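Values quoted throughout were computed directly from the atomic coordinates according to the rules given, and no laboratory measurement underlies them. Since we're looking at a predicted model, the values are computed, not measured. Backbone-built Cβ (ideal geometry, glycine too); neighbour counts: all protein chains shown.
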Amino acid sequence: MYIPRAAAEVYFVAIIYEGIIIIIGSCLLLLIAIKYVKNRNYLILLLFLIILNLIIAIFFSWLSKVHILYSGIDYLQDDSVPDPLTPSSWILLRIAEFRFSFLFITIGIAISYVFKVKVFETGFKRPQEIIVIIYSCFTAFFSFFIYQKGNLLLDVLTYFFVFILMFIVYLPFMIRLFRSYKNTRSNIYRKAFLSLGVMSICAILALFCFLINSIYVFYGHPGFTLFYFLAYFFVLIGIFGVYFGYIYPNLEGD
């Protein structure tokens, strides 16, 4: 199928943009892995797993655009072409519509909850833990299995449910981090709390931008609005912040 030149150019820009994000994120992920092997810090391991799931999610988003632009598969490139309902179409459509990305983001958020608990060593609070587990499972199930080709409302709902999960986990964490930043006098801990707080803000803002972008698409925009590019900007700021503000100084001081 022929893709209009303007649309192809935008997809190409998005492929390059996300490719750069993946390369930078993977380099930082490698540095985190090296630091963890050296110091065996459990919190660093959790951060590694969070960022790993994020990078995998971005990779599947990048792969979706590659498939749409270069695969030549008509049902991926044109919503009017029906789903052939084959095992390969089941997988490819979920790649093309970011369902694999949502799954790994959800896993990363769930690990973030464990990280939040371990940072302050307060232990798991049973009612809150149950809510996070149930809602994470619901979000993962909805994003991966509740799908209909060309149904943009389901796409918006998926973004919304993932954003709410991110909000539930990261907003209380962010508030606690900035309170700790204000109350501690240790420069090392202040820097660590601040960097994790910035990471939390960026995580929420990134999902919020993706949600707004999906609403634009729902109302007829071809996608890749300013919010799409801002979302990945926040992703990069969050990863850089947590590495240079928390991981690097924390481990260098060991």
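Table for the structure above
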| quantity | calculated |
| --- | --- |
| Derived scalar couplings ³J(HN,Hα) [segment 73-86; Karplus, 6.51 cos²θ - 1.76 cosθ + 1.60; whole Hz; x for Gly, Pro] | 7, 5, 6, 8, 9, 9, 5, 7, 7, x, 5, x, 6, 10 |
| Peptide ranges 192-199, 7-14 listed from the most packed, as the mean C-beta count within 10 angstrom indicates | 192-199, 7-14 |
| Residue-wise HN-Hα coupling along segment 88-100, computed from phi with Karplus coefficients 6.51, -1.76, 1.60 (Hz; x: Gly, Pro) | 5, 5, 4, 6, 5, 5, 6, 6, 5, 9, 6, 5, 5 |
| Karplus-derived 3J(HN,Hα), 6.51/-1.76/1.60, for each residue of segment 181-188, Hz, glycine and proline x | 4, 6, 8, 8, 9, 6, 4, 5 |
| Cα lying deepest toward the dipole's positive end in the chain, options Asn213, Gly241, Ile21, charges on Cβ | Gly241 |
| Listed residue pairs exceeding 28 Å between alpha carbons, taken from Lys65/Lys191; Lys38/Lys118; Lys35/Lys118; Lys118/Lys191 | Lys65/Lys191 |
| Pairs of Cα atoms farther than 22 Å apart, segment 5-252, % | 55 |
| Size of electric dipole in the chain: Cβ of Lys, Arg +1 and of Asp, Glu -1, about Cα centre, debye, nearest 20 | 1240 |
| Inter-centroid distance (Cα atoms) of segment 147-189 relative to segment 193-235, Å | 12 |
| Most mobile listed residue (Phe173, Phe161, Phe233) in the chain, GNM with C-alpha springs under 10 Å | Phe233 |
